[in-house]
Structure formats: structure tokens, C-alpha cells
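Accompanying notes for the structure given below.
The values are calculated or read from the model by the stated rules, or taken from the named source; none is laboratory data. Here the structure is a predicted model, which means the values were calculated and not measured. No Cβ is skipped: glycine too gets one built from the backbone with ideal geometry, and neighbour counts run over all protein chains shown.
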Amino acid sequence: MHSQEKARYQARARILKALAHPARLFIVEELAKGPRCVCELQRRLRLDISTVSKHLSVLKSAGMVQDEKRGLKVHYTLRFPCVLHFFSCAEAVLKLAAKEQRRLLET
């Protein structure tokens, strides 16, 4: 593997690691619906504000979200809604795996 190729795979891994938490997956889906302030996400997740802020920080570091201060509140937006295609693919994998598992149990 060439160094340029390796760097590309490492960059992709950083994005996947940023998504690799249920709360962050939820945040991405919420932000796909439109901008949200930290307080809205905190209420929906039922987590303390510092935990939600940490999750948002991970997503921001990976380049997935951006923030904008509006008065006293910080609103986040999803920078790349195309990540939802990945979610659709993951759902297809899960459905197929479940179907195959059921088939194995029936035999």
C-alpha cells in the first residue's frame, strides 16, 4: 500500500470512528433534519450537556458537523448529508444478516 493510499484509508477510519457511537449516530440523524442547538440534542438524548458537547466535538473534529453561535446558543448542522447513504447501507446489511440468521434457525 502506498503512503497516499494509506493516508486515505486512515482518514476514512477517522470518520468511521467518529460515527462509531449510538449517541453520535442519533445526533447525525437529528442534524439531517436541520440545525439543532446543543440543548435540543441534550433533551432528545437524555444525556448531560457535557456528554452531548463531547459527542459533538468528536463529530466536529472529524469534519462531520459545523457549529454557529446564535445569541447564547450554539447550533450544529450536518456538513455532509450523504452520510445517510452509509446508514442506509448499514441497514441493508443488518436486514440481510437477520434474514440469513432466521434461515439458519429454520433448518
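Details
- Qualifying residues in the range 36-64 (those that are in contact (Cβ under 8 Å) with a residue 40 or more places away in the chain and not charged (D, E, K, R)) - the one surrounded by the fewest Cβ atoms within 10 Å (Cβ to Cβ): Ser61
- Applying the set (1) out of contact with any Cys (no Cβ under 9 Å at 6 or more places or on another chain); (2) at pLDDT below 95 to Lys73 leaves exactly one unmet item: (1).
- Pairs linking a residue in the range 69-86 that is in contact (Cβ under 8 Å) with a residue 24 or more places away in the chain to a residue that is among the polar types (S, T, N, Q), with Cβ atoms under 9 Å and 6 or more positions apart or on different chains, are Val74/Ser53; Tyr76/Gln66; Thr77/Gln66; Leu78/Gln66.
- Selection status of Leu78, under 30 Å from Gln10 (Cα atoms), in contact with a strand residue (DSSP E or B) (Cβ under 7 Å, 6 or more places away or on another chain) and at pLDDT 95 or above: yes
- Filtered by the rule that a residue be charged (D, E, K, R) and over 15 Å from the mean Cα position of the chain (by Cα), the range 17-43 gives Glu40, Arg43.
- Pairs with Cβ under 6 Å, 6+ apart, first in the range 7-35 and touching a residue at least 60 places away in the same chain (Cβ under 8 Å), second surrounded by 13 or more Cβ atoms within 10 Å (Cβ to Cβ) and not in a helix (DSSP H, G or I): none
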